Structure formats: C-alpha cells, structure tokens
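See below for the structure under consideration.
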Amino acid sequence: MRKTIIITGGAGFIGSHVVRLFVTKYPDYRIINLDALTYAGNLENLRDLEQSPNYIFRKANILNTGELEDIFSTYQPDGVIHLAAESHVDRSILSPLDFVYTNVIGTVNLLNAAKKHWLQTSSPGGGKWENTRFHHVSTDEVFGALGDTGFFSEDTKYDPHSPYSASKAASDHFVRSYHDTYGLPVVLTNCSNNYGPNHFPEKLIPLFINNVINQKPLPVYGDGLYTRDWLYVKDHAVAIDTVFHRGKNSETYNIGGFNEWKNIDLVKLLCRLMDEKLGRSKGESEQLITYVKDRPGHDRRYAIDASKINKELGWKPSVTFEEGLSLTIDWYMENGEWLKHVTSGEYMKYYQEQYGD
C-alpha cells in the first residue's frame with residue numbers, strides 16, 4: 001500500500017463519508033477506521049466496505065493510550081485524519097467534562113502517538129516528519145457568533161460560547177502548538193454545519209425529517225431566527241481529501257457551503273419538500289412547528305468565508321442547499337430501517353455479531 005491513513009471517528013456521520021471516499025478513491029491506500037462506537041458511531045454506515053481489501057476497522061477509544069500505541073505500532077500510519085469528537089452542543093451543556101476528555105485530551109493523545117511514531121520512522125537524511133500529516137477537523141463554532149453581516153475567515157479570533165465549542169477551540173490550539181513546538185506537520189479545517197445521509201437524528205435536519213415522517217412536533221429554539229451556513233456532507237468529504245493531499249503545512253482552511261439559512265426558513269423549506277414527497281396537503285407539516293425555550297449561550301449567526309480553499313485549492317460545493325436537502329430527505333425516506341436501528345440501538349447487535357463484544 002502506498003499510504004496508510006488512520007481516520008478517527010470513521011463510523012460517525014462525517015467520518016463514514018470520508019472513509020468511503022478514501023477507500024474507493026484510493027485503492028492503493030490502506031484506510032484504518034478507528035472508532036469507539038459510542039451512540040453516534042454506526043458500522044451500518046460502512047457495511048458496503050467490509051470486504052474491501054484496503055479497509056480495516058479497529059474499535060478503540062482515543063482516551064486509551066495503550067490502544068493508540070498498539071494501532072500506531074501495528075499499522076505505522078503515514079497520516080491521521082482526526083474527526084472523532086463529541087459534537088452536540090446540548091449534550092455539552094449537560095455534561096461538559098465528556099467534551100473535555102474526548103475533544104481535548106483525546107486529541108492530545110493522538111498528537112503524542114503521531115509525534116512518537118513518526119519521529120521513530122522518519123528516514124535517514126530525510127525530513128524529521130517526512131511524508132506524514134496530521135489533519136485536524138474542527139468547527140466554525142470556535143469563532144463565536146457574528147452580527148447581521150460579515151463572515152468567519154481563517155484569521156477570525158476565537159471566541160467560543162459553549163462547552164462544545166470551547167473544547168474544539170482548545171483542541172485546535174493544541175494541534176497548532178505541536179507544529180510550533182515540535183514541527184509536527186499539521187493542517188486544520190473549520191467547517192460549517194453538515195447535513196446529508198447517515199446523520200444521527202439528534203441534529204436539526206435528520207431529527208426534523210424523522211419527526212415529519214412520524215408527525216411529531218418540530219421544536220424550534222427561541223424565535224427561529226438563528227442563522228447557520230449549511231454544507232452537504234459529501235462536499236465536506238471532498239474538501240477534507242483536498243486539504244489532506246494539497247493543503248500547506250500549518251495552514252487552516254475554512255470550509256463552508258455558501259448557504260446561509262435562518263432556522264425557521266430551513267424548517268419551512270423542509271416541510272414543503274416533505275409534504276410534496278409524502279403526498280400530504282400543502283402546509284400540513286408546518287403545523288407541527290413548535291417554538292420552545294431557547295438554549296443557554298445560543299450563538300445568533302454563523303457564516304463561513306470559504307474563499308481561501310476555493311482560490312488556493314480549487315474546492316467549492318457541488319450542490320445547492322435545496323438540491324442537497326432534497327437528496328437528504330430522499331435518503332432518509334428510503335432508509336427507514338437504518339433510522340429505526342440507530343434510534344433503537346439495534347445496530348449494536350450487528351456489531352457484536354461481526355466483531356464480538
């Protein structure tokens with residue numbers, strides 16, 4: 001194999017799309033999917049890859065340094081694409097320490113493993129970290145909130161407002177510090193909200209798709225005017241591929257969909273599309289919208305300036321939000337069993353049958 005790459009969190013939402021892209025696009029790469037299989041990690045996302053000769057799954061937790069040592073020693077990776085993270089803002093408000101452990105300490109554990117093994121395996125006469133790269137995947141939430149105008153750029157100062165975004169900001173700083181202190185070759189990407197197939201139904205779009213299908217309430221925070229930039233997950237996977245292979249060491253690249261939507265407008269668009277697809281009367285699903293008490297520290301608006309990755313590396317989104325949302329709704333409607341399994345935990349039975357306890 002020409003390269004061996006560890007992708008952490010590869011059974012999760014974004015991670016599974018990155019794993020699939022790399023396994024299929026690079027048959028001469030060995031792809032190691034490292035995932036702890038917590039509630040949002042689902043091997044059914046990757047069932048079609050199980051027999052691929054260049055794909056290996058390893059159940060491991062990035063908090064376990066012994067497991068990381070074994071994986072790095074066994075596979076001698078050339079690269080790490082780090083997506084494993086606790087990522088839900090509401091959960092971070094309830095249990096911030098879980099986010100500190102996984103997102104901060106887990107990231108440092110990975111950095112230490114990479115530093116140790118890449119220094120040991122660098123070739124005589126070559127660079128200290130020859131042909132290696134640590135790609136850290138982060139979020140636009142580290143930048144805080146915007147007013148009615150303007151965009152987050154790579155130079156925007158960090159101003160996190162939730163335990164989740166604070167933990168991701170800390171992990172970003174650690175990654176940069178390992179470049180500045182030790183010379184570790186790193187790249188970082190900060191991305192806007194993702195949506196698409198295989199998304200665990202705790203986030204807005206998959207939750208609301210599921211609720212519309214089952215005619216359950218659609219809980220909208222506050223006045224519904226919170227604004228987010230949305231990116232189709234398959235476009236994000238392509239962006240990660242682009243930055244991992246062609247980005248410059250120590251650089252940060254913002255990845256956005258150029259798709260700003262107020263939450264309430266998004267929900268109404270989703271309701272309209274689903275009424276059409278489900279054969280319901282116009283406006284029927286909108287009746288499910290319910291305004292609920294706002295959550296603490298809720299940032300008003302995020303918007304990404306993705307001009308750097310576009311100008312320097314040639315990446316841009318391939319679909320509009322309306323196109324991507326329609327594709328996403330179709331996928332969930334066609335994969336009702338997947339939705340049932342992930343919400344009931346039944347997929348763990350499949351994992352245990354395939355891999356044991």
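The values are calculated or read from the model by the stated rules, or taken from the named source; none is laboratory data. Computed from a predicted model, the values in this text were never measured in an experiment. Please note: Cβ atoms are built from the backbone with ideal geometry, for glycine as well, and neighbour counts cover all protein chains shown.
Residues of the stretch 55-71 that are assigned to a helix (DSSP H, G or I) and in contact (Cβ under 8 Å) with a residue 60 or more places away in the chain: Ile71 alone. For the stretch 316-339, the criterion of being under 20 Å from the mean Cα position of the chain (by Cα), small (Gly, Ala, Ser) and within 28 Å of Leu46 (Cβ to Cβ) is met by at least one residue. Considering each residue of the stretch 145-162 in turn, at least one proves to be part of a loop (DSSP other than H, G, I, E, B), touching a residue at least 40 places away in the same chain (Cβ under 8 Å), among the hydrophobic types (A, V, I, L, M, F, W, C) and touching an Asp or Glu at 6+ places or on another chain (Cβ under 7 Å). If you go through the stretch 267-285 and keep only what is among the charged types (D, E, K, R) and part of a loop (DSSP other than H, G, I, E, B), you end up with Arg280, Lys282, Glu284. Mind listing just one residue for me: the one in the stretch 86-102 that is of a type in the set (Asp, Glu) and under 17 Å from the mean Cα position of the chain (by Cα) and, of those, modelled with the highest pLDDT? Among those that are of a type in the set (Asp, Glu) and under 17 Å from the mean Cα position of the chain (by Cα), it is Glu86. Applying the condition of being of a type in the set (S, T, N, Q) and over 19 Å from the mean Cα position of the chain (by Cα) to the stretch 52-85 and asking which residue is surrounded by the most Cβ atoms within 10 Å (Cβ to Cβ) yields Asn54.
A quick yes/no check of all residues on (1) modelled with pLDDT under 95; (2) of a type outside the set (Gly, Ala, Ser); (3) in a loop (DSSP other than H, G, I, E, B); (4) more than 27 Å from Ile240 (Cα to Cα):
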{"site": "Asp180", "(1), (2), (3), (4)": "no, yes, no, no"}
{"site": "Val187", "(1), (2), (3), (4)": "no, yes, no, no"}
{"site": "Phe200", "(1), (2), (3), (4)": "yes, yes, yes, no"}
{"site": "Val212", "(1), (2), (3), (4)": "no, yes, no, yes"}
{"site": "Val220", "(1), (2), (3), (4)": "yes, yes, no, yes"}
{"site": "Gly224", "(1), (2), (3), (4)": "yes, no, yes, yes"}
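Do we find a residue being part of a strand (DSSP E or B), crowded, with 22+ Cβ neighbours inside 10 Å and either touching a helix residue (DSSP H, G or I) at 6+ places or on another chain (Cβ under 7 Å) or in contact (Cβ under 8 Å) with a residue 12 or more places away in the chain (or both) anywhere in the stretch 231-243? Checking the stretch 231-243: at least one residue is part of a strand (DSSP E or B), crowded, with 22+ Cβ neighbours inside 10 Å and either touching a helix residue (DSSP H, G or I) at 6+ places or on another chain (Cβ under 7 Å) or in contact (Cβ under 8 Å) with a residue 12 or more places away in the chain (or both).
Cβ separations smaller than 6 Å between residues 6+ apart or across chains give the following pairs from the stretch 289-305 residues that are outside any loop (DSSP other than H, G, I, E, B) to residues that are crowded, with 17+ Cβ neighbours inside 10 Å and small (Gly, Ala, Ser): Ile304/Ser192; Ile304/Gly256. I'm trying to understand the selection: among the residues of the stretch 45-94, which are within 18 Å of Thr139 (Cα to Cα) and among the small types (Gly, Ala, Ser)? Ala84, Ala85, Ser87, Ser92, listed by residue number. Filtering the stretch 21-35 to residues that are of a type outside the set (D, E, K, R), closer than 25 Å to Trp331 by Cβ and crowded, with 19+ Cβ neighbours inside 10 Å leaves Phe22, Val23, Ile31, Asn33. I'd like to check something: does the stretch 245-256 contain any residue that is at pLDDT 95 or above, of a type in the set (D, E, K, R), assigned to a helix (DSSP H, G or I) and closer than 20 Å to His199 by Cα? So far as the stretch 245-256 goes, no, none of its residues is at pLDDT 95 or above, of a type in the set (D, E, K, R), assigned to a helix (DSSP H, G or I) and closer than 20 Å to His199 by Cα. Candidates in the stretch 313-327 are the residues that are over 17 Å from Lys277 (Cβ atoms) and touching a residue at least 60 places away in the same chain (Cβ under 8 Å); of these, the one that is surrounded by the fewest Cβ atoms within 10 Å (Cβ to Cβ) is Gly314.
If the condition is being among the aromatic types (Phe, Trp, Tyr) and buried (at least 22 other Cβ atoms within 10 Å of the Cβ), then the stretch 161-176 contributes only Tyr164. The C-beta contact set for the stretch 32-54 (first residue among the small types (Gly, Ala, Ser), second residue surrounded by 21 or more Cβ atoms within 10 Å (Cβ to Cβ), distance under 6 angstrom, 6+ apart or interchain) comprises Ala40/Gly12; Gly41/Ala11; Gly41/Gly12; Gly41/Asp35; Ser52/Val23.
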